[in-house]
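The values are calculated or read from the model by the stated rules, or taken from the named source; none is laboratory data. Predicted model only: the values in this text are computed from it and were never measured. Cβ placement follows ideal geometry from the backbone for every residue including glycine, while neighbour counts extend to all protein chains displayed.
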Amino acid sequence: MKAILLALGLAVAASGAAAAQSIGGNYDVTGTGLNGAPYGGTAVITPTSQTTCTITWKTGPQTFQGICMRNGDSFAAAYVGEGATGLVIYRLEANGTLSGMWTVANANGAGTEILTPR
């Protein structure tokens, strides 16, 4: 019983710490495309309220601008670029890293993406 209470307490503390983290700032980007090819770049997240933000990714010669929203340790972003609408769903890790997956409208499958604070 003590182990269960300890585990529950640690889980609540960890979720509180994640919820208190600011997601604004500069990030290094690593990911895989829909075809599995690796890519890298940078991202900048600019908070616009307690739960909303803007995000700009630069990967190679491409720049994508979008909107984003945070709910606890869930973080989502959407963008329109190169004729497609994209959606990314991340999980905010305790160390500030955002780990997620993404897709674009009318595409099969999903890519992966990790944003690491700089």
- Kindly indicate whether any position in segment 76-85 is of a type in the set (A, V, I, L, M, F, W, C) and at pLDDT below 95. yes
- Item | Matching option when the condition is part of a strand (DSSP E or B), of a type in the set (S, T, Y) and without any contact (Cβ under 8 Å) to a residue 40 or more places away in the chain, among T116, T103, T63, T30 | T63
- Which residues, taken from segment 68-88, are buried (at least 17 other Cβ atoms within 10 Å of the Cβ), among the aliphatic types (A, V, I, L, M) and over 16 Å from Y39 (Cα atoms)? A77
- For segment 84-95, state whether one or more residues are in contact (Cβ under 8 Å) with a residue 12 or more places away in the chain and touching a helix residue (DSSP H, G or I) at 6+ places or on another chain (Cβ under 7 Å). yes
- Note on the structure: The condition from (1) surrounded by 13 or more Cβ atoms within 10 Å (Cβ to Cβ); (2) in contact with a strand residue (DSSP E or B) (Cβ under 6 Å, 6 or more places away or on another chain) that R118 misses is numbered (1)
- Which one is farthest from the chain's Cα centre (by Cα), of the residues in segment 89-115 that are surrounded by 20 or more Cβ atoms within 10 Å (Cβ to Cβ) and small (G, A, S)? G111
